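Structure record follows, encoded as structure tokens.
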Amino acid sequence: MNFLTRLKILPRWIIASLDSLILFYCALFSYLVRFNFELALIEQNDALAGSFTFMIGGLLVMQNTRSYEGIVRHTGFRDGSNIFKTVVINFVLFLFLNFFRGNFLNDRFLLPTSVLIIASLSSLFMLIFYRLLVKELFVYLKNGFLVKNLKNGVIFGAGEAGIIAQEAIKRDRESVFNTIAFLDDDPKKEGKNIDGKRIYKGLEDLETLVSDFGITELIIAVRDLSVQRKNEIIDECLRLNVSVCIVPPVDQWINGGLTAGAIREVKIEDLLSREPILLDNPRIHQDLQGKVILVTGAAGSIGSEICRQISHYEPKLLILFDIAESALYDVQQEFKENHAHCPIKIVLGDVRNKKKVKEVFKSYKPQVVFHAAAYKHVPMMENYPEEAVHSNILGTKLLADIAVLAQVEKFVFVSTDKAVNPTNVMGASKRAAEMYVQALNEYLERNHKKYHTKFITTRFGNVLGSNGSVIPLFKKQIMNGGPITVTHPDITRYFMTIPEACQLVLEAGIMGEGGEIYIFDMGEPIKILDLAKKMIQLSGKKIDHDIKVVFSGLREGEKLFEELLNDFETVKITHHPKIKIAQVPPSSYHKIDGQVELFMDMIGKNSDDQLVSHLKSIVPEFISNSSRFEVLDRMN
């Protein structure tokens, strides 16, 4: 039995030998049947010689059809067709030999025609049957007793993807998934069977299956399943303490074939309360191909993904600019391994360093700039407002001014939804930077109509998995056994994935004509408490039993609800239904330039209160919340 567990693929000579024996004994059996088991008649017709000849003929045909080369435990339709071809050719061969011997040699037939027919039919049946028997034996050995602790599960989806998933599970010797049934929303499939497993309608019988069979796993295997339906399935599974896995998109496994190992656990990204936003603009390739492109903050989660996506558009040179030494080195190594086709230049530097920034523009002459460098952590910037002003406002101004002098074609500024009606220093600093680049663009349009740098802003919400995102924090807290800390039971946030966010940035760079602030239709906001609970359940833990949720109170500068538009902003639609332009009246360039310049004199000299007070004068809608700076609002 141990030999069988170690044996993965039977050698070809064993298959050919088994096939030969089957051909011989099927022919011998045919003689017995044809002559009613009368030994005298069987000996008279040379049954042994005829059977041996039938076997030799089959072996010769097999050399042509190669029917013995298939892996028996993976027997499928193609293997069956090869066997059918072998038997038919062998049958026709003997018919011809019988005809030739009878009409030209006046000799007896090699095999009586009736025996030939019975032998061909019985051998066809046996050759296919024993392969299927061996295939099922391997499954039985795996599921019956060789693998311990099998997990009973169901597959949601009785279509092609579900069948492929079932086959992948059966083939995988390491899989412990034992399929009990299929679920499908199509009422026409209800009550039918796949591979001996009954199909049930939708989620109606899932609770009963959990109770009767101890279902602990569910695999979602439906192509193009809506996010709403996926969430319904996941919510029901979480209610019943059933673990959920999902079959990845076809393009991720089609070349190598689906394996049980490729079926992944549900990620929090799968729980977005909207359909993923997909952009496919051929102009991106046209506009970025052959150009020198600078990305600041290139070692961050957003900046590095922007670089990855740009690498597919064949730039002449991609400049990765960041102050974080270790993270920048990691991105450099990644590009060497996975994006070696893209020429890159690594620049370790600070966007606040005028000399360094000038050197980069002078040496490499970038034509497009994606400015993602910023301080984004709300409580941290509330404690260090000078750093937020210095990096997010003055750093952006420095980069933008030098880009104009260097005649950069486009400058795409990565902003945040926290810049909308800001309640914290970080959001207000990003809003002030938005105001500056928009006013600068309007000034250039009026005074340099033909040739000037076009400034475009992108504004989006929280990014799943980014540095500073709540998701990595929750994952770490779950790994440490809890508790998960949520600031407030009612706090909500908009979320998007990193690739979505970076697609928006690239799309804006192409669509933008200068002065726009692009925003996404990000669906409904997600309640952070619900997110935390789902993450606990998806990790296989129980809320309050294994992992507790505690409320820590709103952090400095934090607000309950994020917004995508200011009270005075309206939106304009674009060619893409999910992308809109916030129509924000630009500030006077000379006014905002003077206000920002004043920060340069204040840095290192004035107090935090004075810096924030000046920031509030630039961004009048900035009202502090849960912050030491609330007193400044009461003074105005």
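The values are calculated or read from the model by the stated rules, or taken from the named source; none is laboratory data. Note that this is a predicted model, so its numbers are computed, not measured. A quick note on method: Cβ atoms are made from the backbone with ideal geometry, for glycine too, and the neighbour counts reach across all protein chains shown.
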Yes or no: residue 396 crowded, with 24+ Cβ neighbours inside 10 Å and farther than 16 Å from residue 505 by Cα? yes
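Is it the case that residue 212 is part of a helix (DSSP H, G or I), surrounded by fewer than 16 Cβ atoms within 10 Å (Cβ to Cβ) and not polar (S, T, N, Q)?
yes
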Among the residues that make up segment 399-408, is at least one of them part of a helix (DSSP H, G or I), in contact with a helix residue (DSSP H, G or I) (Cβ under 8 Å, 6 or more places away or on another chain), of a type outside the set (Phe, Trp, Tyr) and touching a residue at least 60 places away in the same chain (Cβ under 8 Å)? yes
Taking the stated definitions as given, is residue 437 β-branched (Val, Ile, Thr), crowded, with 22+ Cβ neighbours inside 10 Å and in the same structural domain as residue 305 (by TED's automatic domain parsing)? yes
Residue pairs, Cβ under 6 Å, 6 or more apart or interchain, first in segment 409-427 and outside the structural domain of residue 559 (by TED's automatic domain parsing), second crowded, with 24+ Cβ neighbours inside 10 Å and among the hydroxyl-bearing types (Ser, Thr, Tyr). List them. none
Can you tell me which of (1) assigned to a helix (DSSP H, G or I); (2) surrounded by 14 or more Cβ atoms within 10 Å (Cβ to Cβ); (3) not assigned by TED's automatic domain parsing to the domain that holds residue 395 is the one residue 596 doesn't meet? (3)
Please go through (1) buried (at least 24 other Cβ atoms within 10 Å of the Cβ); (2) free of Cβ contacts under 8 Å to residues at least 60 places away in the same chain for residue 370 and return the number of the only condition it doesn't satisfy. (2)
If you scan segment 473-493, which residues turn out to be more than 17 Å from residue 541 (Cβ to Cβ) and not acidic (Asp, Glu)? 487, 488, 489, 491, 492, 493
Of the residues that make up segment 409-428, is at least one surrounded by fewer than 21 Cβ atoms within 10 Å (Cβ to Cβ) and more than 26 Å from residue 580 (Cα to Cα)? no
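Do we have any residue at all in segment 498-514 that's β-branched (Val, Ile, Thr) and in a strand (DSSP E or B)? So that I can check it myself, show each step before the final result.
So the first thing to find is which residues in segment 498-514 are β-branched (Val, Ile, Thr), and the list is 498, 505, 510.
Remaining after also requiring in a strand (DSSP E or B): none.
No, there is no match, as no residue in segment 498-514 is β-branched (Val, Ile, Thr) and in a strand (DSSP E or B).
I'm trying to understand the selection: among the residues of segment 333-363, which are part of a helix (DSSP H, G or I) and among the β-branched types (Val, Ile, Thr)?
Residues of segment 333-363 that are part of a helix (DSSP H, G or I), as a first pass: 333-338, 354-363.
Of everything in segment 333-363, those that are part of a helix (DSSP H, G or I) and among the β-branched types (Val, Ile, Thr) turn out to be 357, 360.
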With (1) modelled with pLDDT of 80 or more; (2) assigned by TED's automatic domain parsing to the domain that holds residue 234; (3) buried (at least 17 other Cβ atoms within 10 Å of the Cβ) as the list, and residue 175 as the residue in question, which single condition is left unmet? (1)
How many residues are farther than 30 Å from residue 288 by Cβ, crowded, with 19+ Cβ neighbours inside 10 Å and charged (D, E, K, R) when one looks only at segment 494-545? 1
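Is it fair to say residue 492 is touching a Pro at 6+ places or on another chain (Cβ under 8 Å), polar (S, T, N, Q) and either closer than 30 Å to residue 284 by Cα or not assigned by TED's automatic domain parsing to the domain that holds residue 457 (or both)? Explain how you work it out, then say what you get.
Working: touching a Pro at 6+ places or on another chain (Cβ under 8 Å): yes; polar (S, T, N, Q): yes; either closer than 30 Å to residue 284 by Cα or not assigned by TED's automatic domain parsing to the domain that holds residue 457 (or both): no.
For residue 492, the condition - touching a Pro at 6+ places or on another chain (Cβ under 8 Å), polar (S, T, N, Q) and either closer than 30 Å to residue 284 by Cα or not assigned by TED's automatic domain parsing to the domain that holds residue 457 (or both) - is not met.
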State which residue pairs qualify: first residue in the same structural domain as residue 364 (by TED's automatic domain parsing) and inside segment 333-347, second residue among the hydroxyl-bearing types (Ser, Thr, Tyr) and outside any strand (DSSP E or B) in any location, beta carbons under 7 Å apart, and separation of 6 or more residues or different chains. 339/311; 342/311; 345/364
Which of the following residues is buried (at least 16 other Cβ atoms within 10 Å of the Cβ), part of a helix (DSSP H, G or I), assigned by TED's automatic domain parsing to the domain that holds residue 152 and not hydroxyl-bearing (Ser, Thr, Tyr): 238, 203, 225, 218? 238
Residues of segment 601-629 being part of a helix (DSSP H, G or I) and either surrounded by 14 or more Cβ atoms within 10 Å (Cβ to Cβ) or of a type in the set (Val, Ile, Thr) (or both), which ones? 602, 608, 609, 611, 612, 613, 614, 615, 616, 618
Test: residue 142 is more than 28 Å from residue 232 (Cα to Cα), assigned to a helix (DSSP H, G or I) and modelled with pLDDT under 75: yes
